[in-house]
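Report on the following structure.
The values are calculated or read from the model by the stated rules, or taken from the named source; none is laboratory data. Please read these numbers as outputs of a predicted model, since none were measured by experiment. Here the Cβ is made from the backbone with ideal geometry for all residues, glycine too, and neighbour counts use every protein chain on show.
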Ligand SMILES: Nc1nc2c(c(=O)[nH]1)N[C@H]1C(S)=C(S)[C@@H](COP(=O)(O)O)O[C@H]1N2
Ligand SMILES: [Mo]
């Protein structure tokens with residue numbers, strides 16, 4: 001075995017920060033409060049959402065851990081963590097977002113299947129590790145390869161956790177080989193998160209980070225990588241995390257008609273306010289995050305306090321040392337931006353935020369128009385109903 005062990009029950013779970021809001025206990029699924037989420041541009045590990053499909057794996061002896069790389073490659077290999085650490089190390093600031101972020105709001109339109117989430121099922125971390133493109137060179141697959149000499153077109157990541165959806169088998173996902181072998185795609189084999197050793201909850205000892213893509217493809221507790229001909233046939237690629245139109249429900253679904261979701265669309269949410277807030281007349285701070293997938297940066301965030309009749313542009317609260325220009329090499333093109341506006345509220349109001357990305361994609365106005373049976377990718381305008389105390 002690879003030194004990784006996937007328990008069959010929840011008796012060996014790690015300790016978690018008490019401020020996380022738990023949405024499901026077994027498997028453990030939790031998100032921070034809105035306030036905690038925007039308390040720091042780099043999300044502290046303690047406040048970083050967790051999405052699991054089974055019990056958290058364990059490494060009993062790190063010296064016995066190895067990663068297998070095989071499939072349609074000329075030189076299959078087994079690498080220890082030290083071998084992986086010998087490859088050039090990169091730090092990539094990337095926002096990981098679960099496709100189920102904001103699902104609860106979508107389920108209010110019509111029932112959807114999946115864990116309920118508020119608006120904080122994402123986090124922004126500095127991931128440290130080796131590039132997948134460099135690792136694949138060790139097995140004879142050079143940079144910018146779309147198909148190997150043996151016909152491989154996808155890189156499949158396999159974990160060790162026991163997932164009920166896979167009948168007790170491990171979590172799997174894949175990405176196209178041209179993305180895996182493109183150094184600029186920044187796909188990482190991360191062993192660090194925010195400068196610390198990756199913890200068990202987030203994938204110790206090694207996880208994949210696929211920047212700009214829904215979190216589901218960033219496989220934790222990596223056991224093996226295989227270069228395969230077709231995309232991964234695993235449950236989470238084929239029977240989950242696909243985007244369907246509002247006309248498809250459980251009685252007429254045909255999973256094979258859609259592709260697995262990869263990039264996430266433009267998204268934003270207000271985190272300084274809750275729907276239950278009753279405030280005094282006067283200044284209100286409207287602050288939150290905006291992020292887009294595929295390396296598309298955020299162009300602007302619009303705020304309305306009159307239900308969408310008029311708009312004002314929010315200001316950006318970026319880290320002071322990194323100017324945000326999405327096409328600039330020094331920018332964090334995979335990372336969220338924080339926004340802020342101060343508005344004057346005199347009566348009960350609906351406050352709206354919508355973001356625009358660098359390709360001029362805009363969030364859809366109404367959740368009804370993007371309702372889908374799995375409740376993924378709710379990127380509709382984020383609305384807060386504010387009450388003013390009499
Ligand atoms: N092995 C494994 N990897 C996994 C998952 C999982 O259940 N098992 N969940 C995926 C999903 S759906 C998301 S959103 C992210 C969550 O990563 P995090 O828990 O570190 O925030 O991990 C992904 N990788
Ligand atoms: Mo997810």
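So here's what we get for this one:
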item: Any hit, the stretch 125-132, residues being within 13 Å of ligand 1 (Cβ to nearest atom), buried (at least 18 other Cβ atoms within 10 Å of the Cβ) and not in a strand (DSSP E or B); result: no
item: Cβ pairs under 7 Å, 6+ apart, first in the stretch 36-53 and over 12 Å from residue 122 (Cβ atoms), second assigned to a helix (DSSP H, G or I) and within 16 Å of ligand 2 (Cβ to nearest atom); result: 53/165
item: Number of the condition not met by residue 68 [criteria: (1) within 16 Å of ligand 1 (Cβ to nearest atom); (2) over 20 Å from the mean Cα position of the chain (by Cα); (3) at pLDDT below 95]; result: (3)
item: Residues of the stretch 154-172 classified as in a loop (DSSP other than H, G, I, E, B) and farther than 23 Å from residue 229 by Cα, total; result: 4
item: Search result, residues across the stretch 213-227 that are crowded, with 24+ Cβ neighbours inside 10 Å and more than 10 Å from ligand 1 (Cβ to nearest atom); result: 213, 225, 227
item: Residue check for residue 175: modelled with pLDDT of 95 or more, in a loop (DSSP other than H, G, I, E, B) and in the same structural domain as residue 54 (by TED's automatic domain parsing); result: no
item: The listed residue being outside the structural domain of residue 111 (by TED's automatic domain parsing) and either modelled with pLDDT of 95 or more or closer than 16 Å to residue 351 by Cα (or both), out of 310, 330; result: 310
item: Residues located in the stretch 52-105, provided they are in a loop (DSSP other than H, G, I, E, B) and within 16 Å of ligand 2 (Cβ to nearest atom); result: 52, 53, 54, 56, 98, 99, 100, 101, 102
